[in-house]
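All of the numbers you see were taken from the coordinates with simple rules; none came from a lab. None of the values given here were measured: they were computed from a predicted structure. FYI the Cβ positions are ideal-geometry reconstructions off the backbone, even for glycines, and counts take in every protein chain you see.
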Amino acid sequence: MSVALDIWDKADMGEVHAKSIELPELFIREVEARCPGLKLVSPRDPAARGSHVSFAFEHGYAAMQVLIADNVIGDFRAPDVMRFGITPLFVNEADIIDAVDKLERILEEERFKDAEFQKRELVT
């Protein structure tokens, strides 16, 4: 158990806090610039939002299933919200850009329409 907490001993909380604002801001900017059809539903103000970012999308459930299959982990909230937890101890700028690259391709290719991603599971 203590090994899992060792990272906190090395973390500068000021840097962690700064990244907890910067990374979600980067994610929002990139999604809004590159992913038409998604609407930010999280508060725009970082102080009111924290490190979670949510976007509404008509095909949110299926799109999230494609993202999960592509190793971008988020979750879904009915009726149409894709929710992303951006944890600065484990996620960096390259991860954010990679996630948005994948999301952009999913939307362009309309992979969310594939039958395999339409079946609703109990947990996303």
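Principal-axis analysis of the Cα atoms of the chain puts helix 13-34 at an angle of about 20° to the longest axis.
To test your reading of the geometry: what angle, between 0 and 90 degrees and rounded to tens, separates the Cα axis of helix 60-69 from the longest principal axis of the chain? On a 0 to 90 degree scale, this one is about 60. With both labels modelled 7 Å from their Cα along Cα-to-Cβ, the Lys119 to Lys39 distance reads 3.1 nm. Helix 93-109 and the long axis of the chain differ in direction by around 0°, with both axes built from C-alpha atoms.
About the centre of its Cα atoms, the stretch 1-87 shows a dipole size close to 260 debye [charges on the beta carbon of Lys, Arg (+1) and Asp, Glu (-1) only; nearest 20 debye]. Comparing Gln118, Leu26, Val16 along the charge dipole axis of the chain, the residue lying farthest to the positive side is Gln118, per the Cβ-charge model.
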